[in-house]
Amino acid sequence: MAKPKYTSHVGMVDILPDESPKWRALENIIHEEAAKFNFEEIRTPILEQTELIVRGIGQLTDIVSKEIFAFEKGDSHYVLRPELTAPVVRSYVEHHLEQRGGSQKLYYIGPMFRAEKPQKGRQRQFHQFGAEVIGSDDPVADVEIIALMIRVYQRIGIDNFELKLNSIGDPESREAYKEALRDYLRPNLDKMSEVSQIRFEKNPLRILDSKEEQDQEYIKNAPVIQDYLNEESDSHFDKIKEYLDQLGINYTLDPHLVRGMDYYTRTAFELISPDLGSQDALAGGGRYDLLVEEIGGQPTPAVGFAAGMERLMIACEELDIELAEEKSVDVYFVTLGDAARRFALTHLPKTREAGLSATMDYKSRSMKAQMKDADRENARYTIIIGDNELNEGKFTLRNMKESEEDSLTFNEILEKLGK
């Protein structure tokens, strides 16, 4: 086989026809479950202003420091969106969605882009789905977001997961904790990774998220933020745990769990699966009460989650979960001769109007080759058309699964298949 002249960019993968039904099935599940929770879909452009992403995500995150695809056109600076919370909030502010009244319950599905080294479950173009509740600081909103996230995985058939939960407090609590964390880390800071040393002054909480081996000894014994939560943050977290208990949603408290973006406050959570190995994260999110104001809106509480679709696909493979039914077509027209091909071409639309999927041979092949192709297409029925059938006005309808045949008029065929 000749080497192709053009190939896709490293880390950007084609979703081929054999795989796309799985993606459609997953997307349909997300749409259906979001609708049950009364969430509305939002779609934003793939390109966003660089400043939005930097301000929204935080300049010290790995995403901004080394993982964005950036572009310039004239005096404008753009990036391919690396996540969707900041773009959704930008849209909320730009289009004054608060004027619609009530909390805005929004969800999305789409591609994201990060210029990182491709790895299992994460490409340079990858896909996420997620949901946001903008305009409510009620713990019920946090719990509903978590419940929607979990429900999607349960609907798919993934039950082997763990919900990790934490509170990183409001700004007041976080500042008190940051000082305590700095005091604890300072004596050993020179032994820690370069990344953690950079994070130390501006956002020491991100050190808790470090994957560097040399940092782990200090992280595991670090102070926990629960000891620094003020009364309001503590009460909010207690309500979330109480509501999760009422819903029968199990969780594990993880005092060192922080989210990767700087805009998070209070609730932080992550869904992990042991079926994914070392890269075990399925989804994550939390409350981000500071983000709307940060990018130009009025102070507005919000909470949400995001989930990687490629990792979900891997989990399905590991668990032998079939997302989509086997490919099939209802009717395959087998034609013998030019008159039969013309008949099939004019009756394909009538078959489809009757609610059936239908196709025919495009290569004028022999009957044997067409029957083989119909079998490859997993056709439920074939309609065999030749000169004799056209003269008699009756056609051979073959049940491909049971090898049964009937001689019927075209209208009788539609009537039978319609039942």
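Once you've got the Cα coordinates, tell me which of LYS372/LYS401; LYS73/LYS202; LYS105/LYS211; LYS178/LYS211; LYS3/LYS368 are over 22 Å apart.
Table pairs above 22 Å Cα-Cα are LYS73/LYS202; LYS105/LYS211; LYS3/LYS368.
Output the relative contact order of the range 265-348, whole-number percent, from Cα pairs under 8 angstrom with separation of 6+ residues.
RCO, the range 265-348: 21 percent.
If the elastic network links every pair of Cα atoms under 10 Å, which of PRO204, PRO187, PRO21 fluctuates the most in the Gaussian network model of the chain?
PRO187
Determine the principal axes of the Cα atoms in the range 1-51, then give the extent along each, sorted from largest to smallest and rounded to whole angstroms.
Cα extents, longest axis first: 51, 37, 12 Å.
How large is the accessible surface per residue of the chain, computed with a 1.4 Å probe and reported in Å² as a whole number?
Value returned for the chain: 52 Å² of accessible area per residue.
What is the Cα radius of gyration of the range 1-123 over 2.2 N^0.38 Å, N being its residue count?
Normalised Cα radius of gyration, the range 1-123: 1.27.
Could I get the Rg over Rh figure for the range 115-171? Both from C-alpha atoms, Rh via Kirkwood, rounded to two places.
Rg divided by Rh gives 1.04.
Using a 1.4 Å probe on the protein heavy atoms, what percent of the accessible area of the chain belongs to carbon and sulfur?
46 percent
So how strong a dipole does the range 83-171 carry about its Cα centre when Lys and Arg Cβ are +1 and Asp and Glu Cβ are -1, to the nearest 20 debye?
Here the range 83-171 has a charge dipole of around 620 debye.
If I fit a long axis through the Cα atoms of helix 338-353 and take the longest principal axis of the Cα atoms of the chain, what angle between them do I get, 0 to 90°, rounded to 10?
It is inclined by approximately 40 degrees.
Across every pair of different alpha-carbon atoms, what Kirkwood hydrodynamic radius in Å does the range 99-204 reach?
The Cα-based Kirkwood calculation yields 18.0 Å.
Using a 1.4 angstrom probe with every protein chain in place, what is the largest-first accessible-area order of SER357, SER167?
SER357, SER167
Determine which aspartates and glutamates satisfy two conditions relative to LYS117: a Cα distance under 20 Å, and not lying fewer than 8 residues away in the same chain.
Here the aspartates and glutamates satisfying the reach criterion relative to LYS117 are ASP14, ASP62, GLU67, GLU83, GLU194, ASP209, GLU212, GLU213, ASP280, GLU310.
Which semi-axis lengths, in whole Å and largest first, follow from the square roots of five times the eigenvalues of the Cα gyration tensor of the range 160-300?
24, 21, 15
State to the nearest 20 debye the size of the charge dipole of the range 141-236 about its Cα centre, where the only charges are +1 on K and R beta carbons and -1 on D and E beta carbons.
360 debye
Could you give each residue of the range 291-306 its phi-based ³J(HN,Hα) in whole Hz, using Karplus coefficients 6.51, -1.76, 1.60 with θ = phi - 60°, and x for Gly or Pro?
Karplus values, whole Hz, x for Gly and Pro: 6, 4, 5, 4, 9, x, x, 6, x, 9, x, 7, 8, x, 9, 9.
Provide the gained length on full extension for the span ALA281 to LYS191, in nm with one decimal, where the gain is 0.36 nm per separating residue minus the Cα-Cα distance.
Net length gain for the segment: 29.6 nm.
Name the residue, out of ILE109, ILE198, ILE30, whose mean-square fluctuation peaks in a Gaussian network model built on the chain with Cα pairs under 10 Å.
Top of the fluctuation ranking is ILE198.
Pick from PHE395, PHE200, PHE69 the residue whose mean-square fluctuation is largest in a GNM of the chain, springs joining Cα atoms under 10 Å.
Looking only at PHE395, PHE200, PHE69, the biggest GNM fluctuation is shown by PHE395.
By how many degrees, 0 to 90 and rounded to 10, does the Cα axis of helix 309-318 deviate from the longest principal axis of the chain?
70 degrees
Bin by bin, in steps of 5 Å, what percent of the Cα pairs in the range 272-353 do you find, going until the bin that has the longest distance?
Final binned percentages: 3, 11, 11, 9, 7, 7, 8, 9, 9, 8, 7, 6, 3, 2, 0.
222 nm [θ] for the chain, helices only, -39500 (n - 2.57) per DSSP H run of 4+, per residue, to 500?
-11500 deg cm²/dmol
Please report the relative contact order for the chain, taking Cα pairs under 8 Å with a sequence separation of at least 6, and give it as a percent rounded to a whole number.
Reported relative contact order: 15 percent.
Can you tell me the equivalent ellipsoid semi-axes for the chain? Use √(5λ) from the Cα gyration tensor, largest first, whole Å.
Ellipsoid semi-axes (Å, largest first): 54, 23, 21.
Going toward the positive end of the dipole of the chain, with +1 on Lys and Arg Cβ and -1 on Asp and Glu Cβ, which of TYR78, TYR243, GLN104 do you reach last?
The residue sitting farthest along the positive end of the dipole is TYR78.
Please report Rg over Rh for the range 375-419, where both radii come from the alpha carbon positions and Rh follows the Kirkwood definition.
0.98
With the Cα gyration tensor of the range 296-419 in hand, give its eigenvalues times 5 under a square root as the equivalent ellipsoid semi-axes, listed largest first in whole angstrom.
43, 18, 14
Would you please give the residues with an amide H less than 5 Å from that of MET360, counting only those at least 5 places away or on a separate chain, with H modeled from the backbone geometry?
Correct list: PHE333.
Can you list which of the trypsin sites (Lys or Arg not before Pro) found in the range 145-218 are DSSP loop residues with at most 15 other C-beta atoms within 10 Å?
Listed in order of number, the matching sites are LYS211.
The values are calculated or read from the model by the stated rules, or taken from the named source; none is laboratory data. The model shown is predicted, which means the values in this text are computed figures rather than measured ones. Positions of Cβ are backbone-derived with ideal geometry, glycine not excepted, and every protein chain shown enters the neighbour counts. Ligands, DNA and RNA are stripped out before the accessible areas are found, and what is left, the full protein with its side chains, is counted by its heavy atoms. Shrake-Rupley method; radii C 1.70, N 1.55, O 1.52, S 1.80 Å.
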